[in-house]
Amino acid sequence: MALAHTLGFPRIGADRELKKALEAYWKGDLAQAELQTVGRELRARHWQLQKDAGIDLLPVGDFAWYDQVLSHTLALGVIPPRFHDTLNDQDRPTLDTLFAMARGATASCCNADHGQHAQELTKWFDTNYHYLVPEFSIDQTFALNWEQLFDEVDEAHALGHRVKPVIIGPLTYLWLGKAKGAEFDRLDLLERLLPVYGEILNRLKAQGVEWVQIDEPILTLDLPLAWRSAFERAYHILQYSPLKKLVATYFSGLQDNLGLAVSLPVDGLHIDAVRDPEQLGQVLDRLPTYKILSVGLVNGRNVWRCELEQALAQLQPAQERFGDNLWVSTSCSLLHSPVDLEREDRLDPELKNWLAFAVQKCGEVAVLRDALNDPQAPGVQQALAASREVQASRAASGRIHKPEVQARLAAITPQDSQRRSPFAERIERQRAQLKLPAFPTTSIGSFPQTPAIRLARQAHKHGKLSANDYQDAMHSEIRHAVEIQERLGLDVLVHGEAERNDMVEYFAEQLDGYAFTRFGWVQSYGSRCVKPAIIYGDISRPGAMTVDWIRYAQGLTDKVMKGMLTGPVTMLMWSFPREDVSRRVQAQQLALALRDEVLDLEEAGIRIVQIDEAAFREGLPLRRAQWQEYLGWAVEAFRLSASGVRDETQIHTHMCYSEFNDVILAIAAMDADVITIETSRSDMELLDAFEAFEYPNDIGPGVYDIHSPRVPDTAEMVALMSKAVQRIPAERLWINPDCGLKTRAWPETEAALVNMVAAARQLRSQLA
């Protein structure tokens with residue numbers, strides 16, 4: 001009999017219960033015992049939701065207090081020395097250790113020194129989820145130090161569930177980490193690491209566990225030969241542990257690693273047949289039938305309902321070959337999906353019928369299992385008929401395609417993506433007009449979203465605050481932000497984005513072709529959640545989106561005010577996209593809408609426009625063979641949005657928490673006049689890309705980490721910028737935070753910006 005399982009479930013809660021509890025704990029408003037209670041209740045609820053939907057094997061270990069990689073890091077004892085004074089009397093990590101590693105050590109979360117900066121944060125493969133990068137030393141040791149996984153297995157067993165613990169595989173874990181201090185090969189640590197994995201597996205077996213899911217998504221990457229060989233070595237050692245092992249791969253196809261994956265001495269293999277449907281036939285030919293084949297055909301990363309009959313047709317050859325050894329699953333963890341569609345009581349009924357969230361996706365997995373095991377079982381034929389009706393409804397809908405958008409796409413010419421003059425000429429005109437000092441200071445765009453701002457937005461949304469009163473409230477917040485920036489002495493100001501709920505949703509709400517949910521929250525990192533909009537049709541801009549707000553802000557100051565937009569690639573990547581047209585086409589539609597906004601800002605007298613492309617690197621395919629196609633249309637989309645302006649108008653872009661070395665040529669091809677990037681958590685390490693390649697335009701390497709509440713001092717910022725000066729000429733450097741400041745509070749924001757401005761003045765004096 002085919003079996004239904006998931007690779008993981010959203011942990012944050014349908015009402016973001018975990019987010020609220022975490023933030024209350026960090027503020028000191030919630031005791032640790034109360035926080036633990038919230039975690040237990042969420043885990044129990046999520047297991048039951050999956051079980052009620054028909055899932056046979058429930059994941060355990062997918063819950064995390066901040067990030068699953070960080071949880072695994074603690075389990076393996078990989079705790080940098082700067083956090084050792086957060087350990088308990090038995091030299092074991094505590095929750096405060098975990099939060100110090102994630103957020104930086106502050107008195108609000110532990111008794112540690114304020115100087116302990118957080119671990120580096122970066123994107124989880126090609127998703128908008130962020131993980132904490134493990135830090136390895138040349139003398140790294142590993143020890144089983146964190147009981148969370150085993151405690152949660154006991155919890156699930158006590159509730160009567162059949163479970164499948166989920167752990168990150170040893171090779172993927174080493175790949176995700178970074179060597180710190182002396183240079184060494186991370187693979188040298190494998191022999192020290194594997195005994196701890198053996199201990200984990202033995203502990204789970206002793207708890208009565210039958211199957212463990214070992215996530216090895218790096219099997220979908222272009223792996224060096226040494227790493228491929230290490231897979232064989234590692235799993236030949238781990239095969240002697242008594243537990244049955246399912247190696248899970250996702251986010252892409254196995255391709256040249258297929259032979260390696262099917263030959264590993266494990267009991268089962270999971271593949272992502274959404275991202276790479278073609279690999280299913282190849283795996284059927286090569287995976288031994290005595291192993292379990294788990295096929296992910298329900299998309300864990302988008303919100304559209306599964307075409308059940310098509311998925312069933314893909315599964316039938318697998319059933320013929322594998323019989324009872326076939327499992328059905330989601331393509332990847334449902335961490336990347338909202339929790340429950342049924343709560344969406346304000347969605348258009350037709351559109352809602354096209355969608356499925358995590359709970360509904362579990363139901364789709366169960367239907368596919370039932371259709372394989374007993375096609376005439378109650379509910380199977382009804383579910384297949386309903387799926388057919390959904391596809392017919394979408395195909396017949398008149399709300400998807402717009403002739404005027406199609407006509408504008410067809411009229412695009414190569415000249416539309418070219419600035420009028422090369423950068424060397426533009427920058428001289430911009431400097432003459434802007435008259436900024438050396439090391440100009442600015443922020444990335446947003447300022448703290450205070451409770452007052454959120455209350456005003458909610459009141460306006462629910463009709464309790466008139467449009468005029470809401471505008472007055474936001475104008476007051478903008479005045480406050482401008483006054484603070486002028487008092488602190490920043491050179492290029494921002495209006496603070498008080499009126500914006502989210503950097504994507506705010507714009508999506510003003511564009512045709514988007515739909516929105518009330519409860520469609522997805523975790524981005526820690527307690528940070530986003531609510532991606534849904535692209536369901538052709539995109540266009542009915543009218544100006546930001547001009548009135550920025551014009552008002554500029555009228556408050558003689559200093560330069562930046563216009564702030566979210567770029568087309570980020571708008572696409574941080575939305576749930578359509579599946580009936582290519583990502584390139586959707587990016588072009590977004591670029592044309594934003595181009596109109598950029599030109600309107602210029603016409604309103606705004607001399608700097610920032611078009612954020614935080615997700616540019618995130619969109620890069622996992623396989624190099626597909627890079628050029630993506631980079632071609634992604635660069636084109638940005639340039640299409642930015643290139644209509646005069647030479648004197650300065651275009652900025654911002655990118656955060658990504659590895660840039662591989663795409664530095666494409667970033668240069670975007671031809672933004674100024675790029676601001678995250679570099680503080682990596683100690684300016686990301687600027688290595690800009691040293692090996694002579695980046696031609698201006699750059700603002702972030703000098704402090706906005707995701708941590710700690711306030712770095714001026715000396716720390718000067719030290720970081722001194723490293724930047726060694727790689728990039730001083731006249732092309734800006735000084736700014738790593739990212740927007742919306743999640744921070746005003747006191748720490750002001751304190752950090754005071755130090756940042758002081759750092760700029762010190763650098764000007766030193767390098768005059």
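Figures for the structure shown
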{"read-out": "Filter result (modelled with pLDDT under 75 and part of a loop (DSSP other than H, G, I, E, B)) within the range 657-678", "value": "TYR657, SER658, GLU659, PHE660"}
{"read-out": "Every pair of residues 6+ apart whose Cβ atoms lie under 6 Å, when the first sits in the range 598-618 and is without any contact (Cβ under 8 Å) to a residue 12 or more places away in the chain and over 12 Å from GLY563 (Cα atoms) while the second is open to solvent by 10 Å² or more (accessible area, probe 1.4 Å) and assigned to a helix (DSSP H, G or I)", "value": "none"}
{"read-out": "Leading residue by the ranking (farthest from LEU741 (Cα to Cα)) among those in the range 466-514 that are open to solvent by 40 Å² or more (accessible area, probe 1.4 Å) and of a type in the set (A, V, I, L, M)", "value": "ALA467"}
{"read-out": "Which listed residue is of a type outside the set (Asp, Glu), part of a helix (DSSP H, G or I) and at pLDDT below 95, from GLN485, GLN458, GLN449", "value": "GLN458"}
{"read-out": "Tabulated pairs, the range 737-759, first within 12 Å of SER708 (Cα to Cα), second among the aliphatic types (A, V, I, L, M) and open to solvent by 40 Å² or more (accessible area, probe 1.4 Å), C-beta under 6 angstrom, 6+ apart or interchain", "value": "GLU748/VAL711; ALA752/VAL711"}
{"read-out": "Selected residue (criterion: nearest to CYS362 (Cα to Cα)) from residues of the range 2-49 that are small (Gly, Ala, Ser) and free of Cβ contacts under 8 Å to residues at least 60 places away in the same chain", "value": "GLY39"}
{"read-out": "Flag for TYR173 being within 16 Å of HIS236 (Cα to Cα) and in contact with a Pro (Cβ under 8 Å, 6 or more places away or on another chain)", "value": "no"}
{"read-out": "Total residues in the range 237-272, condition out of contact with any strand residue (DSSP E or B) (no Cβ under 8 Å at 6 or more places or on another chain) and under 23 Å from ASP285 (Cα atoms)", "value": "8"}
{"read-out": "Enumeration of residues in the range 719-751 that are open to solvent by 10 Å² or more (accessible area, probe 1.4 Å) and of a type in the set (Val, Ile, Thr)", "value": "VAL725, THR743"}
{"read-out": "Residue tally, condition buried (at least 22 other Cβ atoms within 10 Å of the Cβ), part of a loop (DSSP other than H, G, I, E, B) and among the hydrophobic types (A, V, I, L, M, F, W, C), over the range 689-707", "value": "2"}
{"read-out": "Test set (1) touching a Phe, Trp or Tyr at 6+ places or on another chain (Cβ under 8 Å); (2) open to solvent by less than 10 Å² (accessible area, probe 1.4 Å); (3) among the β-branched types (Val, Ile, Thr) - ILE214 fails condition number", "value": "(1)"}
{"read-out": "Among (1) hydrophobic (A, V, I, L, M, F, W, C); (2) open to solvent by 10 Å² or more (accessible area, probe 1.4 Å); (3) more than 29 Å from LEU204 (Cβ to Cβ) - the single one ILE292 does not satisfy", "value": "(3)"}
{"read-out": "The range 617-667, residues that are small (Gly, Ala, Ser) and open to solvent by 20 Å² or more (accessible area, probe 1.4 Å)", "value": "ALA625, GLY632"}
{"read-out": "Residue tally, condition under 14 Å from ILE200 (Cβ atoms), part of a loop (DSSP other than H, G, I, E, B) and open to solvent by less than 20 Å² (accessible area, probe 1.4 Å), over the range 145-170", "value": "1"}
{"read-out": "Flag for THR220 being farther than 19 Å from THR73 by Cα and of a type in the set (S, T, N, Q)", "value": "yes"}
{"read-out": "Which listed residue is within 16 Å of the chain's Cα centre (by Cα), modelled with pLDDT of 95 or more and more than 30 Å from ILE412 (Cβ to Cβ), from VAL560, VAL492, VAL522", "value": "VAL522"}
{"read-out": "Close pairs (6 angstrom Cβ cut-off, 6 or more residues apart or separate chains): under 18 Å from ARG607 (Cα atoms) in the range 636-647, of a type in the set (Asp, Glu) anywhere", "value": "VAL645/GLU602"}
{"read-out": "Residue count, the range 257-290 (criterion: under 30 Å from the mean Cα position of the chain (by Cα) and either free of Cβ contacts under 8 Å to residues at least 12 places away in the same chain or in a loop (DSSP other than H, G, I, E, B) (or both))", "value": "6"}
{"read-out": "Residue within the range 97-120 that is under 17 Å from the mean Cα position of the chain (by Cα), among the polar types (S, T, N, Q) and either at pLDDT 90 or above or open to solvent by 10 Å² or more (accessible area, probe 1.4 Å) (or both) present", "value": "yes"}
{"read-out": "Residues of the range 450-465 that turn out to be over 28 Å from the mean Cα position of the chain (by Cα) and open to solvent by 100 Å² or more (accessible area, probe 1.4 Å), as a count", "value": "1"}
{"read-out": "Entirely in the range 510-569, the strands (runs of 3 or more DSSP E) that have 1 or more residues that are closer than 21 Å to PRO403 by Cα", "value": "512-515, 534-540"}
{"read-out": "Test: ARG710 is at pLDDT 90 or above and open to solvent by 10 Å² or more (accessible area, probe 1.4 Å)", "value": "no"}
{"read-out": "Total residues in the range 227-240, condition over 29 Å from the mean Cα position of the chain (by Cα) and open to solvent by 20 Å² or more (accessible area, probe 1.4 Å)", "value": "7"}
{"read-out": "In the range 402-431, residue most open to solvent (accessible area, probe 1.4 Å) [restricted to those that are under 23 Å from MET670 (Cα atoms), of a type in the set (A, V, I, L, M, F, W, C) and in a helix (DSSP H, G or I)]", "value": "ALA410"}
{"read-out": "Residue within the range 593-610 that is within 29 Å of LYS19 (Cβ to Cβ), open to solvent by less than 10 Å² (accessible area, probe 1.4 Å) and either among the aliphatic types (A, V, I, L, M) or part of a loop (DSSP other than H, G, I, E, B) (or both) present", "value": "no"}
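The rows are residues; the columns are (1) out of contact with any Phe, Trp or Tyr (no Cβ under 7 Å at 6 or more places or on another chain); (2) closer than 25 Å to GLU477 by Cβ.
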{"residue": "ARG551", "(1), (2)": "yes, yes"}
{"residue": "LYS562", "(1), (2)": "yes, yes"}
{"residue": "THR566", "(1), (2)": "no, yes"}
{"residue": "VAL581", "(1), (2)": "yes, no"}
{"residue": "ASP600", "(1), (2)": "yes, yes"}
{"residue": "GLY605", "(1), (2)": "yes, yes"}
{"residue": "TRP627", "(1), (2)": "yes, no"}
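The values are calculated or read from the model by the stated rules, or taken from the named source; none is laboratory data. This one's a predicted model, so the numbers in the text were calculated from it and none came from an experiment. Note: ideal-geometry Cβ built from the backbone for every residue, glycine included; neighbour counts use all protein chains shown. Ligands, DNA and RNA are excluded from the accessible area calculation, which covers all protein heavy atoms including side chains. Shrake-Rupley method; radii C 1.70, N 1.55, O 1.52, S 1.80 Å.
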